[in-house]
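This report refers to the structure that appears directly beneath it.
The values are calculated or read from the model by the stated rules, or taken from the named source; none is laboratory data. Quick caveat, the model's predicted, so the values are computed rather than measured. Here the Cβ positions follow ideal geometry from the backbone for every residue, glycine too, while neighbour counts run over all protein chains shown.
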Amino acid sequence: MDRDGLICRSIYENPDLTQRELASLLRVSLGSANRLIGECAKNGLIVNGSEHGKYALTEKGNSYLETFRVDGALILAAGFGSRFVPLTFETPKGLLEVFGERMIERQIRQLHEAGVTDITIAVGYLKEKFEYLIDKYGVRLLYNPEYASKNTLATVFHARKLFAGRNMYLLPSDIWLRQNPYHRYECGAWYSAVYMDGPTSEWCLSYNKKNRITSVTIGGADSWVMYGPAYFSRAFSDAFLPLLEAAYRRPGTEPDHWEQVVLEEIDRLELYMNFQPANQVYEFENLEELRQFDPHYQNHSDNEAMQLIARVFQIPESEIQNIRCLKSGMTNQSFIFEVQNAHYICRIPGAGTEKLINRQEEHDAFEAVAPLHITETILYFDGGTGYKIAKYYEGSRNADAQSPADMAACMALLRRLHGSGIRVGHTFRFRDKISFYESLCCGRQAMLFEDYREVRGWMDCLMDRLERLNRPLCLSHIDSVADNFLFLKDGSVRLIDWEYAAMHDPLIDVSMCGIYSYYTEEQMDGLLRLYLERDPSEEERFAVYAYAALGGFLWALWAVYKSMEGREFGEYTLIMYHYAKQYYRKILRLRLLSLEPLNHTAGENGRKL
């Protein structure tokens, strides 16, 4: 840390600064402060006494101070904020209010007060929510395309050009700073440090007599910890950016924070402590901490899910405790909460799912199978919005698709469902579903797979043959992925998530379970025998393979559509599309039911998009 620069900055900000006050700012003795002031005067940076105060900067001092001018700031706001659900299902964490002011706006205002107006916000999750800040504060937005799969190391990597040759603040969007810690000039790279008594899981700091950080460890006790914003000088960025790039390109760093580079390379980086007083920096670790800090969130969160839970249980919001996020599904978002010492799950339909899922039909399926007691216990279900509150089963687990015993139990449950005689008033039709997703993709001018027209013709052929077979219909789950089978502590099995349930050939549940589990052809054959408890007929083999092909085709289309909405599912799209071709070719290879490929190109529905 440049102490001459700190003295010049301190005098620039307060010409009446006393030596005792300066000693406190520099965390040195009064004698050392007196010596440092004398050296600055000897070097021609300051003079004693002026009409403006006790000290004054010389022309040389002003020029020297200019080398430390802050050029801008990067605010990290790309992440989801899973520990703040359900609020962050609707609002990015940095846009949450504390005492009526959004956290990110408070920081922008504090930066502006310090004369820092060149501000970039790194966005990802719900990026459109930040757009208004462009007009309101003149900020720029920088999109991180990897926000969903990587951590802040990747975000800073994508913003690395902002730091080259510049003095820059780097701060998370979700901190609340009581007093403004920012300055027009900064005299060395630093990280905000807060003292924590007792054990902590935070990143603990060791430092030398000059307050330079010498080591970083994750977890400790009675320690100064990394907490809040950081500042990168030009010199620091020159050393840091090559290390950042090397870390980004190294496999296995996807979950890393940018601070991991500091932890591993601190000997090569000149980074100093910026000691913060108590009750100055607040990094809210979860919604519970925010609720404790700002009483408004106790009973008036203005969040639809929280208000719903309060109504259903007839309690104030303050009695909804221990909220934590479940892994987001492909179409829904869910979180666990506690009320009166019992745990429940609240499901919130994902944005845009009202186009894809008929929630009233899902509600009807739940109602129909209720006598079987094979679903989770539902406390609330809105067939209009799709909001659902269900019992959470402590100690339960999902089925293991690679476990023969688990899959035998899952197939037994499906047989019970299919043999129940329960009917609903709606049917799952591949032809309608495929045409629907095609229309969505056409509307978005999507470019699908290169061989789409040919494969679409194959699917028409399968659907025509299946319709001629006139297979029996019963209530089928359709979404029979292994993760939707819950094994409870008492040994019973439950089947959850009935969004697609409808009347269909029961063998569709075998096919869907197989392709969702990424089964090989041999595993699919074994699953069919497990379900039937005998060897299948030629027609049954054809049906299972045809549904596997059609299911793969349909869900590949679904994934393409979702990708246009900003949701990516990685290799899932390719695997599903490959299943469509793989099982069609298998049917031809085995000459099941004398199926022949179409000799004509696909019609209107099969055009290449």
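For every residue, the table says whether it meets (1) outside any loop (DSSP other than H, G, I, E, B); (2) over 15 Å from residue 228 (Cα atoms); (3) charged (D, E, K, R); (4) modelled with pLDDT of 95 or more.
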| site | (1), (2), (3), (4) |
| --- | --- |
| 247 | yes, yes, no, yes |
| 251 | no, yes, no, no |
| 255 | no, yes, no, no |
| 273 | yes, no, no, no |
| 278 | no, no, no, no |
| 282 | yes, no, no, no |
| 289 | yes, yes, yes, no |
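From 448, 486, 440, which residue is touching a residue at least 40 places away in the same chain (Cβ under 8 Å), closer than 22 Å to residue 562 by Cα and not in a helix (DSSP H, G or I)? Outline the logic, then answer.
Working: 486 fails: closer than 22 Å to residue 562 by Cα; 440 fails: not in a helix (DSSP H, G or I).
Just one listed residue meets the conditions, 448.
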*So which of 260, 314, 298 ends up being of a type outside the set (Gly, Ala, Ser), touching a residue at least 24 places away in the same chain (Cβ under 8 Å) and not assigned by TED's automatic domain parsing to the domain that holds residue 333?*
260
_Scan of region 401-425 for residues that are assigned to a loop (DSSP other than H, G, I, E, B) and surrounded by fewer than 15 Cβ atoms within 10 Å (Cβ to Cβ), ordered by number_ = 402, 403, 419, 421, 423, 425
*All but one of (1) touching a helix residue (DSSP H, G or I) at 6+ places or on another chain (Cβ under 7 Å); (2) surrounded by fewer than 17 Cβ atoms within 10 Å (Cβ to Cβ); (3) closer than 30 Å to residue 144 by Cβ hold for residue 564, so report the exception by its number.*
(1)
*Keeping to region 568-609, report how many residues are at pLDDT below 65 and not polar (S, T, N, Q).*
12
*Looking at (1) touching a Gly at 6+ places or on another chain (Cβ under 8 Å); (2) surrounded by fewer than 20 Cβ atoms within 10 Å (Cβ to Cβ), which is the one condition that is false for residue 173?*
(2)
*asked:* Return the residues of region 147-182 that are assigned to a loop (DSSP other than H, G, I, E, B), touching a strand residue (DSSP E or B) at 6+ places or on another chain (Cβ under 8 Å) and farther than 18 Å from residue 229 by Cβ; say none if nothing qualifies.
replied: 147, 148
*asked:* Take residue 212 and tell me if it is in the same structural domain as residue 163 (by TED's automatic domain parsing), of a type in the set (D, E, K, R) and either surrounded by 18 or more Cβ atoms within 10 Å (Cβ to Cβ) or touching an Asp or Glu at 6+ places or on another chain (Cβ under 9 Å) (or both).
replied: yes
*For region 129-144, how many residues meet the condition of being of a type in the set (A, V, I, L, M, F, W, C) and closer than 13 Å to residue 105 by Cα?*
4
